[in-house]
Amino acid sequence: MSLKIMVLLFCFFYTSPVILASDPDPVQDFCLAQNAGPGLDLQCKNSSLATVEDFVFSGIRSSGKFKFKFSEVGLSAIPVNSKVFPGLNTLGMSFVRADLEPRGINPPHFHPRATEIAFVLEGEVYSGFVDTQNRVFAKVIKKGEVMVFPRALVHFQMNVGDEQATILGCFDSQNPGLQRVSSAVFGSGIKEELLEKAFGLSIKELTKLRRRFTPQHKA
Ligand SMILES: *[C@@H]1O[C@H](CO)[C@@H](O)[C@H](O)[C@H]1NC(C)=O
């Protein structure tokens, strides 16, 4: 292969969005997303057409619906990324508003690509994470307090107050990713025999867990 072709190939792959695997350092003031999608949108809207509305988001003024999917746990979550808020695109940040009914929980989950700062706007929340030595760092935090969940570590929350609790979670990635432990294990179609052995479960117990954690569209 000639040097010229190699250089061309390198430039092509280096600039291809497919291999951009991390949040970028911006090389311009902003890059308003023009295509829907939670990840990086390299096609910036013409910046001459930007208005203040591109940098304001009003969709978390009130809580979302306590969706069917989460109804068992009493959680409503509104993730805010460049798909719904184009002004965030390429800035390496995103956030989520989460509301918990009394005794409602945010089940153990993690974000593979982001550290999260969770700010309690209302209520009292038992809040914590588990490190890779399985140590639990958890306590009740109250309105005005903040907890940090280090990147990729499993974390969880439960409303221990009498009123609805509201949390603002901020991520240092515009596409933090979300994996729920229960769904990854029991809702993903891993072979039954393996799960039985791994967790010491009977077929009956396993069937129940699989039914509970398999997403509706897969069931
Ligand atoms: C951006 O918009 C301005 C104003 O409408 C226009 O003059 C300019 O040509 C556009 N730039 C591009 C790259 O389309």
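The values are calculated or read from the model by the stated rules, or taken from the named source; none is laboratory data. Remember, predicted model here, so these are calculated numbers, not experimental data. All Cβ positions, glycine included, derive from the backbone under ideal geometry; neighbour counts span all protein chains shown.
Only one of the numbered conditions (1) touching a Lys or Arg at 6+ places or on another chain (Cβ under 8 Å); (2) modelled with pLDDT of 65 or more; (3) loosely packed, with under 11 Cβ neighbours inside 10 Å is violated by I5, and that is (1).
Residues in the stretch 169-219 that are of a type in the set (F, W, Y) and under 23 Å from P79 (Cα atoms): 2 in all.
Scanning for something of a type in the set (K, R), outside any strand (DSSP E or B) and more than 21 Å from the chain's Cα centre (by Cα), does the stretch 151-162 turn up at least one residue? Outline the logic, then answer.
Of the residues in the stretch 151-162, the ones of a type in the set (K, R) are 151.
From what is left, the residues that are outside any strand (DSSP E or B) are 151.
If we keep only those that are more than 21 Å from the chain's Cα centre (by Cα) as well, we get none.
No: the stretch 151-162 contains no residue that is of a type in the set (K, R), outside any strand (DSSP E or B) and more than 21 Å from the chain's Cα centre (by Cα).
Among the residues of the stretch 45-68, count how many are of a type in the set (A, V, I, L, M), surrounded by 12 or more Cβ atoms within 10 Å (Cβ to Cβ) and within 16 Å of the ligand (Cβ to nearest atom). Spell out how you get there, then give the answer.
Pass one, the stretch 45-68, residues of a type in the set (A, V, I, L, M): 49-50, 52, 56, 60.
Those left that are additionally surrounded by 12 or more Cβ atoms within 10 Å (Cβ to Cβ): 50, 60.
Those still in the list that are within 16 Å of the ligand (Cβ to nearest atom) too: 50.
Qualifying residue count, the stretch 45-68: 1.
Taking the stretch 190-206 as the range and being within 27 Å of the chain's Cα centre (by Cα) and loosely packed, with under 10 Cβ neighbours inside 10 Å as the test, only K191 passes.
Taking each residue of the stretch 186-197 that is over 15 Å from F213 (Cβ atoms) and looking for partners that are among the hydrophobic types (A, V, I, L, M, F, W, C) and not in a loop (DSSP other than H, G, I, E, B) with beta-carbon atoms closer than 9 Å, six or more apart or interchain, yields E196/I203; E196/L206. In the stretch 107-124, the residues that are more than 20 Å from D172 (Cβ to Cβ) form Cβ pairs under 6 Å with partners that are among the charged types (D, E, K, R) and assigned to a strand (DSSP E or B), at six or more places apart or across chains, as follows: P107/R180; E124/K142. I'd like to verify a number: residues in the stretch 146-166 that are buried (at least 22 other Cβ atoms within 10 Å of the Cβ) and without any contact (Cβ under 8 Å) to a residue 40 or more places away in the chain, how many? Of the residues in that region, 1 qualify.
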